[in-house]
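Shown next, in structure tokens, is the structure this report addresses.
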Amino acid sequence: MTRRDELPIRPITEEELADWHRAMSVGFLQRPTLAEEQLQARRAQFVPGRLLGAFDGDRCVATFRSFAQEVTAVGGAFVPADAVSNVTVSPTHRRRGLLSRMMTEDLTAAKERGDVVATLVAAEYPIYGRYGFGPATTAAEWTVDVPRTGLDRRWSGPQDGGRIDLVDAEDVRKLGPELHERLRRTQPGAVSRSELWWRINTGAARFHSSWTEPYYALYRSAAGEVEGLVSYESDDKWHGKQPQNTADVNWLIAVTPAAERALWHFLCSIDWITHVKSGWRAPDDLLPMFLPDPRAARLTEQADWLWVRVLDVVRALQARTYEGSGALVLEVVDAGGFAGGRYRLEASEQGASCVPSSASADLTLDVADLAALWLGDESAVRLAALGRVREERAGAARSADALLRTSRRPWCPDLF
């Protein structure tokens, strides 16, 4: 058996993309063959130096891809990020340290580029804490029992003077990007979407051979402003001559509560639809409370979503805003060597400063737990109770919560 330190890891060339993709498909238990149309779509993702492969002879046996991304910090600032995806190790080459070597190489390059954080959506929970990532947002899915909602099924449009229209994929590619930009300016945890994202999610670029064209519905306010857009699909199930169809939401963007309410009510008003699956939403989404009977929206799944790895503590903490005033000295432990140290944070509603410090620490925490606190979703008091944050000064965890937690929970709408 080849020793772990003998397998070369390197950026792949574009000519090696098909072999790299085969290895990724094997790792994710997908079909290893790739149609030419899918390969062309993958080529559009290719950025020299950002796709790593481990090779045993001529065969790729591990994959890793990263790409440039922006994450919205609390307060609306866009933070440069190293987005990690397509991470696999073939079942024949597990436990040889390939992932650790690829991750170290990628994070080192990200730090040198000046990325503030790295991000990923973890397929398996136990893996990425070893590399300093912590779960920073949660996502939830509801299934709505439409007949139980109490909504008037004769609903024919928004009552606020707005309107809903069915649109085509071309309209979505034209109107969607600006709408999403408006959303991510106000939604902590949201990430940037490339032009390729819109092509993939409207079928213009085919990553999967089983692509099915969804429906798209657009909400315009009474003033004619585009404020909401939803992509959804439906099945075709009948029982005893009665429709039992489900509308599955792929994604829904709304920049106002009125748009959000109108789109959910629209989905619940479609003839033959008896259930609506919300897709992944924020854990404090307004959906249930838009219904006369909120119990009609049953929480069917809730899980960690966006994981964050802080690479630059100073820039990360200075990028976000704070609802209160105070100071904290944080001892950040980072086994990876990218962001460890002692830092003094001084924050107020007017802004924040963060500098290295030799003062006594108020809290000691791992860099992964700092990531969980950075977007405002996790509680330092809760982490202290779990033994993951250590109070060096009595009451410091409560002080941290007063500074760091947010009134609405962060949310990442995207899987990448």
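Using beta carbons and a limit of 9 Å, which pairs, at least six apart or on different chains, have the first residue in segment 6-19 and under 13 Å from His93 (Cα atoms) and the second one at pLDDT below 95 and part of a strand (DSSP E or B)?
As it stands, the answer is none, since no pair meets every condition given.
Please indicate, with yes or no, whether at least one residue in segment 276-284 is surrounded by fewer than 17 Cβ atoms within 10 Å (Cβ to Cβ), modelled with pLDDT of 95 or more and within 18 Å of Glu213 (Cβ to Cβ).
no
Just checking: which of the strands (runs of 3 or more DSSP E) contained wholly in segment 241-330 hold 2 or more residues that are charged (D, E, K, R) and under 30 Å from Asp145 (Cα atoms)?
Working: elements: 245-254, 273-277, 297-304, 306-310.
Hits in segment 241-330: 297-304.
Taking segment 201-220 as the region of interest, how many residues are open to solvent by less than 40 Å² (accessible area, probe 1.4 Å) and either touching a Lys or Arg at 6+ places or on another chain (Cβ under 9 Å) or not small (Gly, Ala, Ser) (or both)? So that I can check it myself, show each step before the final result.
Of the residues in segment 201-220, the ones open to solvent by less than 40 Å² (accessible area, probe 1.4 Å) are 202-203, 205, 207, 214, 216-219.
From what is left, the residues that are either touching a Lys or Arg at 6+ places or on another chain (Cβ under 9 Å) or not small (Gly, Ala, Ser) (or both) are 202, 205, 207, 214, 216, 218-219.
So the answer is 7.
Of all residues in segment 83-107 being free of Cβ contacts under 8 Å to residues at least 60 places away in the same chain and part of a helix (DSSP H, G or I), which is most open to solvent (accessible area, probe 1.4 Å)?
Thr92
How about segment 126-142: which of its residues are outside any loop (DSSP other than H, G, I, E, B) and buried (at least 17 other Cβ atoms within 10 Å of the Cβ)? Reasoning before the result, please.
The first filter runs over segment 126-142 and keeps only residues outside any loop (DSSP other than H, G, I, E, B), leaving 128-131, 134-135, 138-142.
Residues satisfying the conditions are Tyr128, Gly129, Tyr131, Gly134, Pro135, Thr138, Ala139, Ala140, Glu141, Trp142.
Only one of these is touching a residue at least 24 places away in the same chain (Cβ under 8 Å), open to solvent by 40 Å² or more (accessible area, probe 1.4 Å) and not polar (S, T, N, Q): Arg184, Arg153. Name it.
On the way: Arg184 fails: open to solvent by 40 Å² or more (accessible area, probe 1.4 Å).
The unique qualifying residue is Arg153.
Tell me the residue from Glu70, Glu112, Glu105 that is within 17 Å of Leu415 (Cα to Cα) and either hydroxyl-bearing (Ser, Thr, Tyr) or at pLDDT 95 or above (or both), please.
Numbers: Glu112 fails: within 17 Å of Leu415 (Cα to Cα); Glu105 fails: within 17 Å of Leu415 (Cα to Cα).
Of Glu70, Glu112, Glu105, the one residue that is within 17 Å of Leu415 (Cα to Cα) and either hydroxyl-bearing (Ser, Thr, Tyr) or at pLDDT 95 or above (or both) is Glu70.
Identify all residues within segment 236-251 that are under 12 Å from Tyr215 (Cα atoms) and either open to solvent by 20 Å² or more (accessible area, probe 1.4 Å) or within 21 Å of the chain's Cα centre (by Cα) (or both); write none if there are none. Outline the logic, then answer.
In the first step, residues of segment 236-251 are kept if they are under 12 Å from Tyr215 (Cα atoms); the result is 247-251.
Listed by number, the residues that qualify are Asp248, Val249, Asn250, Trp251.
If Leu34 passes every condition in (1) open to solvent by 20 Å² or more (accessible area, probe 1.4 Å); (2) within 24 Å of Pro135 (Cβ to Cβ); (3) assigned to a loop (DSSP other than H, G, I, E, B); (4) among the hydrophobic types (A, V, I, L, M, F, W, C) but one, which one does it miss?
(2)
Would you confirm whether any residue within segment 318-337 is touching a Cys at 6+ places or on another chain (Cβ under 9 Å), modelled with pLDDT of 95 or more and open to solvent by 30 Å² or more (accessible area, probe 1.4 Å)?
Yes - at least one qualifying residue is present in segment 318-337.
Can you work out which of the residues in segment 48-59 that are surrounded by 13 or more Cβ atoms within 10 Å (Cβ to Cβ), closer than 22 Å to Ala110 by Cβ and of a type outside the set (D, E, K, R) is nearest to the chain's Cα centre (by Cα)? Full working, then the answer.
Step one: of segment 48-59, the residues surrounded by 13 or more Cβ atoms within 10 Å (Cβ to Cβ) are 50-56, 59.
With the extra rule that they be closer than 22 Å to Ala110 by Cβ, the set shrinks to 50-54.
Subset that is of a type outside the set (D, E, K, R): 51-54.
Numbers: Leu51: 20, Leu52: 22, Gly53: 24, Ala54: 27 Å.
Within segment 48-59, the match that is nearest to the chain's Cα centre (by Cα) is Leu51.
What residue, among those in segment 195-209 that are free of Cβ contacts under 8 Å to residues at least 60 places away in the same chain and part of a loop (DSSP other than H, G, I, E, B), is nearest to Glu378 (Cα to Cα)?
Looking at residues that are free of Cβ contacts under 8 Å to residues at least 60 places away in the same chain and part of a loop (DSSP other than H, G, I, E, B), I get Asn201.
The values are calculated or read from the model by the stated rules, or taken from the named source; none is laboratory data. Computed from a predicted structure; not experimentally measured. Glycine also receives a Cβ, built like all others from the backbone with ideal geometry; neighbour counts cover every protein chain displayed. Surface accessibility is based on the protein's heavy atoms, side chains included, excluding ligands, DNA and RNA. Shrake-Rupley method; radii C 1.70, N 1.55, O 1.52, S 1.80 Å.
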